[in-house]
Amino acid sequence: MQALKPTKKPSKQRKMLYQAPDHKRYKFFAAPLSSALATSHKVKTLPVRSGDTVRVTRGDHKGLEGKVTQIDRRKYRIYIEGLTREKVDGTAIPVAVHPSKVVITNLALDDKWRKKILERKKGARKKAEEVVKKPLRQVKAKEVVEAEEEATKEVATGEKPKEKKPRGRKKRVAKKPPAQKVQEEKKTAKVEEKAKPKKTRAKRRTAKKTEGGA
């Protein structure tokens, strides 16, 4: 499950998920389109709505296909037509499915707003593809022009152009300090040693012995 803000704590992620506003909950119902729909509409995912036909891809009911009858945004679950289970007394109950376990096989395009969403997503995808392709084309064009120029030079002069050798990285060598600086440093070190006063040992005090004992 997605979190609304980047956080590592699972407790905070769950809190944000179940306290999310309605316009953000809508995005968590996104499910992948089938390969046929994806190629025709040029869109990979869309939020599931009631009226879409859907196929279950995981779980105990894998392979079941039907229309979406109900959407529960509070619990993040959808209900599919024909997907039920029997209680002990024999009554049938609808089974809830998470939208991530589902593939959309047919879209309900009765709503004009949904059509606009599809068009917007198509436009965004086209722009992204153009941005990726542009620099590659420019690089190829430059390479072709350079190759043509080299070929014309060879024909005109009859000489092959010199091959450029790859440049190797130069090793940085640590510069040695000049001899004068080294001598000056040694002199200053000696002067400092002489200037330091020598510590004298403190003499032990001996107790004077008195006559006739303590």
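The values are calculated or read from the model by the stated rules, or taken from the named source; none is laboratory data. Here the structure is a predicted model, which is why all the values come from computation and not from measurement. Methodologically, a virtual Cβ is constructed for each residue, glycine included, from the backbone with ideal geometry; neighbour enumeration extends over all protein chains shown.
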note = Of the candidates Thr152, Thr105, Thr69, the one satisfying the condition of being among the hydroxyl-bearing types (Ser, Thr, Tyr), more than 30 Å from Thr53 (Cβ to Cβ) and either modelled with pLDDT of 75 or more or not in a strand (DSSP E or B) (or both) is Thr152
query = Out of curiosity, is Lys101 surrounded by fewer than 13 Cβ atoms within 10 Å (Cβ to Cβ) and under 30 Å from Tyr18 (Cβ atoms)?
reply = no
ask   = Residues of the stretch 108-133 being at pLDDT 90 or above and among the small types (Gly, Ala, Ser), which ones?
value = Ala108
key: Exclusive hit being surrounded by 11 or more Cβ atoms within 10 Å (Cβ to Cβ) and either within 30 Å of Tyr18 (Cβ to Cβ) or out of contact with any Ser or Thr (no Cβ under 9 Å at 6 or more places or on another chain) (or both), set Thr91, Thr69   = Thr69
task = Go through (1) basic (Lys, Arg); (2) more than 27 Å from Thr69 (Cα to Cα); (3) surrounded by fewer than 14 Cβ atoms within 10 Å (Cβ to Cβ) and name the single condition Lys15 misses.
result = (3)
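Of all residues in the stretch 72-94, which are over 16 Å from Ser50 (Cβ atoms), of a type in the set (A, V, I, L, M, F, W, C) and in a strand (DSSP E or B)?
Taking the stretch 72-94 and keeping what is over 16 Å from Ser50 (Cβ atoms), we get 84-93.
Cutting the leftovers down to of a type in the set (A, V, I, L, M, F, W, C) gives us 88, 92-93.
Passing the criteria: Ala92, Ile93.
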query = Among (1) assigned to a loop (DSSP other than H, G, I, E, B); (2) farther than 29 Å from Pro21 by Cβ, where does Asp110 come up short?
reply = (2)
